[in-house]
Amino acid sequence: MFERRLYYHIDWGLLAAVLALCGLGVVMIYSTTSDPTRGVSRMYITQLYAIAIGLGAMVFTLTLDYRTFTDKSHLIYVGLCAALLYVLFFGMVQMGARRWIPLRVFNLQPSEFAKLGVALVLAKFFGENRGAPMWTDLAIGGVLTLVPLALIAKEPDLGTAVTLIPVFLAIAYLAGMRMRILGVLALCFVLAAPIAWKFALKDYQKSRISTFIDPSQDAKGAGYQQIQARITVGSGGLKGKGFKQGTQGQLRFLPVAHNDFIFSVLAEEQGFAGVLVALGLYLFVILRALEAARLAKDRLGSYLVLGVLASFTFQVVYNITMSAGLAPVKGLTLPLMSYGGSSMIATLAGFGLVLNVRMRRFTN
Amino acid sequence: MAVQIEDRRRVTVRLTILQYIITIIFSILAVSFWVLQVVQNAKFEEMAENNHQRTLALRAPRGIVFDRDGKILVENRHSYSISIDRERTKDMNRTIRLLAGVLGIDEAGVRTIVDRHRREPTYRPITIVQDATLAQVAAVTARRLDFELPGVVVEQVPTRRYPETMGAHLFGYVGEVNDAQVAVDSSLKSGDIVGQSGIEKVYNAMLMGEDGARRVVVNSVGREIRTLEEDPPTEGKRLQLTIDYDVQKAIEDGFDAAEFNGAAVVLDPIDGGVLGFTSRPSFDPNAFASGIDRGTWNALTTDEDRPLNNRAIQGRYSPGSTFKMAVGLAGLEEGIITPDFHVHCAGHANFYGRDFKCWKKEGHGSLDLRHAIEQSCDVYFYTVANMVGVDKINKWATALGLGVKSGIDLPNEAVGLVPSTEWKQRVRHEKWYAGETISVGIGQGAVAVTPVSMAVYMATIANGGTRITPHMLKAVDEGNGWKPVPPPESQGKIDITPEKLQAIRDGLWMVVNAGGTGGRARILGHDVAGKTGTAQVISNAGRAASKSDKDLRDNGWFVFFAPRDKPEIAGVVFLEHGIHGPNAASVAHHILATFFAKKDGLPFPPPPKHDDLRLDYKDPYARKAAPVAAGTH
């Protein structure tokens, strides 16, 4: 199974960059949650545990040939959908959403793993085809994406649900979907947006979007987070206010600083310099993973890598934009840095698959 | 195979496209952060600072007020105020509702307070409850202010305290500055507590002190995290008054026992320093210190007895017989009479075809000036007044301090009236009739005086003609020890021939120490000189005809100084509807006794009981069965 020579083909650079981002995340979590007025928080310790478990998951997704996973992808997919259904009925409610399965040590969030499941099943589905996918292929792929998406959206967790769309689009794109079709899909989206606005979105979602367009219309309510995010980032300056010196994050003007707004805290305390380092690391990770997709032995591998990378990249870009107050506030975490066990484990497991594909590019 | 190669080529091309797209996106992100963090840094830095830094006002305590011996008359205590900070209040209606519930007060009342301050800058908290009870403070702080009552602030503020409710009109009271005051004085700002009457008002600039400020770091819910800098408040200057606590206390005790309304002013006849001062009925200035409630205010302003009215400087009353010294002195100094000038009193006399009665029906017989003062013979002073004429009387009464402002350092002093031909022409556009002068001779008619001017009048007679300016401020402590404040300049000095003045003084001494009407004020060894006065509120005929329930009993005066030849104290006790001048002399006795006991190092006389004063309630002019004349006590 794990041949010794494979060890030499592990992309240590990618792994190092991933771990560097995890480390940066832990430091920022420590900084924002060690508020002396609230006592010492254990959050950064929990995050370290999550990283350790994530690395374990990574070893697991790395050790077995990725084709083993794709071959079993239909089972994985069904299992995940079952878990999502379970959550919908028996999950734990927190902050108004039913997203978690309470385990003894931590709460599992199956939706985070759904991204991997969808990437696996779509890679397998499109990988088996030759040539550009037909309408029917796209439709089937679309349905495969929509089932877990709908389940997650129902929790409700629209943010995570939406991250499944890039997975589908990226794999279909790589599989040779005609650009015309992409254009048609984009058109549909534009046309559907007003309908969605009217029927599908909840009031709080609408207010988030409308306050994004003009945050000052509700400076104390929904626009508050966005204004505060911009102040947090903007006041960081070139070199930042220093570790644990950020006033916005430390004094809790910025909500959920350790989670959705971890990047704002980084920007405040480490300044533009810190931002460049983090952006550089993320860009490096993404480009390195794209390289893995290019080097992959087969289409399956390329599709799998891109599928994993798609939701990751989407989330990274969206979260960073949002953390600067430049996008509507949405409960999307920053992979690798934000506080959160399920996300960390799923992301590291995903990178295990990326490394897996690259490392096995010479094997048969 | 061809498909596979084509596939691979497509994958490579499409991945390269993705590479470029992602690189571009990240470049855009980097540029965005550069714009936010470097280009616009200054703007956001300022916003972040405004976010987490707050300036809190630290109220300066007002200066403490001492009596002439260093006893505290007015001090400060700590109280708690509960306010709403609008900048941190998201839902004002909810906050008002919750706060009213927690404090146990009327929600509409809270809303009114908030509305009243609506136009003020929002960073200034609106005080909802001043001087909150401990229960209220506990109730508010027990809530988790961060979540349930954000924007509600509990502050400790120094509040004025008047340890004993004495001399309320003298000390005055404090209250929130009003718009008109802010408009006039640029050093004041809305929300300041300023003196609104009395000493508190007159010396407000000295007493006020300077508020300090504290810059603090607060978190997102407004909890203070740490102090950045603190500019401590500067306490107001400490003032020492000329008031003598013991004399003041004696005055208050005397009035408490007498159970009459009225006023008293007691001063040092040499420099004009006021030793004691009261006006009755009084009020509790403590009620104002923490924002007077509407009910108490309404009760004070609608009370028919007008407790907020400072009778000592604003009340104008006929002086009655106490005016006779002015008439006598006018006669002497104008060379019209000598102290030996005799008049025969037959109980009444005829002037200009009208019969004028002496208070003593059977008449005093023949008496000179001294005895006329002692006996308070009306016919004698009718005669002298008629000889002197109203304008000369006006001249000398004015020189002695009547019918002019005393210049006391209290706000809104009223001016009395001593009539003259010029006055009547100017005000009533009528000629003065010589017959009117007769009533003026015994302090009736148009003559009206304030109690404080009577005190000045007695001081002028006592000190030999210097019209001292009554004042209260003795010394100021600006932080480096007491600095004496020189007494204000006198209002003038008149040349009086000492022998002539001495005749008046002798008469006054005899009033108290011989057979006169002021015997109750006698204090052995201290040569009290004084004069009673019983002044009609309405003419006897008018009173008999009156059907109203108004108290129409005569006012009682006692004016005095002592000792006769080396005066140390002078003053006036005025009893509103006190029926007889001698009743006022009873109150004055306690004041004088206390003053001299203190001076001689003797134990103070105990506060008099009502019966000790032996007040005379017999009202010779009372209508039968008239409720007011019954002397109900």
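The values are calculated or read from the model by the stated rules, or taken from the named source; none is laboratory data. From a predicted model like this one, the values you see are computed outputs, not experimental measurements. Here the Cβ positions follow ideal geometry from the backbone for every residue, glycine too, while neighbour counts run over all protein chains shown.
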- line: Cβ pairs under 9 Å, 6+ apart or interchain, first in region B:474-486 and modelled with pLDDT under 90, second assigned to a loop (DSSP other than H, G, I, E, B), ordered by first then second residue, are B:Glu478/B:Lys237; B:Gly479/B:Glu235; B:Gly479/B:Lys237
- request: List the number of the failed condition for A:Leu304; all other conditions in (1) closer than 30 Å to A:Gln228 by Cα; (2) part of a helix (DSSP H, G or I) hold.
  value: (1)
- request: For region B:534-568, name all the residues that are of a type outside the set (Lys, Arg) and over 28 Å from the mean Cα position of the chain (by Cα).
  value: B:Ile538, B:Ser539, B:Asn540, B:Ala541, B:Gly542, B:Ala544, B:Ala545, B:Ser546, B:Ser548, B:Asp549, B:Pro563, B:Asp565
task: Could you tell me whether B:Val202 is within 14 Å of chain A (Cβ to nearest Cβ), within 30 Å of B:Ser186 (Cβ to Cβ) and among the hydrophobic types (A, V, I, L, M, F, W, C)?
output: no
query: Since B:Asp303 meets every condition but one in (1) out of contact with any helix residue (DSSP H, G or I) (no Cβ under 9 Å at 6 or more places or on another chain); (2) more than 24 Å from B:Ile496 (Cβ to Cβ); (3) surrounded by 17 or more Cβ atoms within 10 Å (Cβ to Cβ), which condition does it not meet?
result: (3)
field: Residue selected from region A:318-336 under the condition aliphatic (A, V, I, L, M) and buried (at least 20 other Cβ atoms within 10 Å of the Cβ), by the criterion modelled with the lowest pLDDT
entry: A:Val329
field: Hits in region B:84-128 (condition: assigned to a loop (DSSP other than H, G, I, E, B) and over 36 Å from the mean Cα position of the chain (by Cα))
entry: B:Thr89, B:Lys90, B:Asp91
Residue check, B:Leu103 surrounded by 15 or more Cβ atoms within 10 Å (Cβ to Cβ), of a type outside the set (Ser, Thr, Tyr) and more than 25 Å from B:Ile225 (Cβ to Cβ): yes
- prompt: Taking region B:43-74 as the region of interest, how many residues are assigned to a strand (DSSP E or B) and under 21 Å from the mean Cα position of the chain (by Cα)?
  reply: 5
task: Take B:Ser282 and decide whether it is of a type in the set (S, T, N, Q), assigned to a loop (DSSP other than H, G, I, E, B) and touching a residue at least 12 places away in the same chain (Cβ under 8 Å).
output: yes
- request: Check whether at least one residue in region A:172-184 is in a helix (DSSP H, G or I), among the basic types (Lys, Arg) and over 20 Å from A:Gly141 (Cα atoms), and report yes or no.
  value: no
query: Taking strands (runs of 3 or more DSSP E) that fall entirely within region B:196-257, which contain at least 1 residues that are under 18 Å from B:Ser282 (Cα atoms) and not hydrophobic (A, V, I, L, M, F, W, C)?
result: none
Positions within region A:230-267 being under 15 Å from A:Val329 (Cα atoms), within 12 Å of chain B (Cβ to nearest Cβ), charged (D, E, K, R) and in a loop (DSSP other than H, G, I, E, B), in sequence order: none
query: So is B:Val38 more than 9 Å from chain A (Cβ to nearest Cβ), on the phi < 0 side of the Ramachandran plot and without any contact (Cβ under 8 Å) to a residue 40 or more places away in the chain or not?
result: no
- prompt: Would you say A:Val277 is within 15 Å of B:Phe26 (Cβ to Cβ), among the aliphatic types (A, V, I, L, M), part of a helix (DSSP H, G or I) and within 16 Å of the chain's Cα centre (by Cα)?
  reply: no
Lone unmet requirement of (1) modelled with pLDDT of 80 or more; (2) assigned to a helix (DSSP H, G or I); (3) more than 9 Å from every other protein chain (Cβ to nearest Cβ); (4) surrounded by fewer than 21 Cβ atoms within 10 Å (Cβ to Cβ) for A:Ile227: (3)
query: Is there any pair with a first residue in region B:368-382 that is free of Cβ contacts under 8 Å to residues at least 60 places away in the same chain and under 13 Å from B:Gly515 (Cβ atoms) and a second that is of a type outside the set (S, T, N, Q) and in a helix (DSSP H, G or I) whose Cβ atoms are under 9 Å apart and which are 6 or more apart or on different chains, and what are they?
result: B:Cys377/B:Lys324; B:Cys377/B:His371
Subset of region B:539-568 (residues that are among the hydrophobic types (A, V, I, L, M, F, W, C) and surrounded by 16 or more Cβ atoms within 10 Å (Cβ to Cβ)): B:Leu552, B:Trp557, B:Phe558, B:Val559, B:Phe560, B:Phe561, B:Ala562
message: Please determine whether any residue of region A:191-199 is among the basic types (Lys, Arg) and within 14 Å of chain B (Cβ to nearest Cβ).
response: no
task: For A:Thr321, indicate whether it is under 16 Å from the mean Cα position of the chain (by Cα), under 12 Å from A:Val233 (Cβ atoms) and within 9 Å of chain B (Cβ to nearest Cβ).
output: yes
- prompt: Taking only pairs six or more apart or across chains, which ones have beta-carbon atoms under 8 Å, a first residue in region A:268-287 that is facing chain B (nearest Cβ under 7 Å), and a second residue that is of a type in the set (D, E, K, R) and surrounded by fewer than 19 Cβ atoms within 10 Å (Cβ to Cβ)?
  reply: A:Gly271/A:Lys239; A:Phe272/A:Lys239
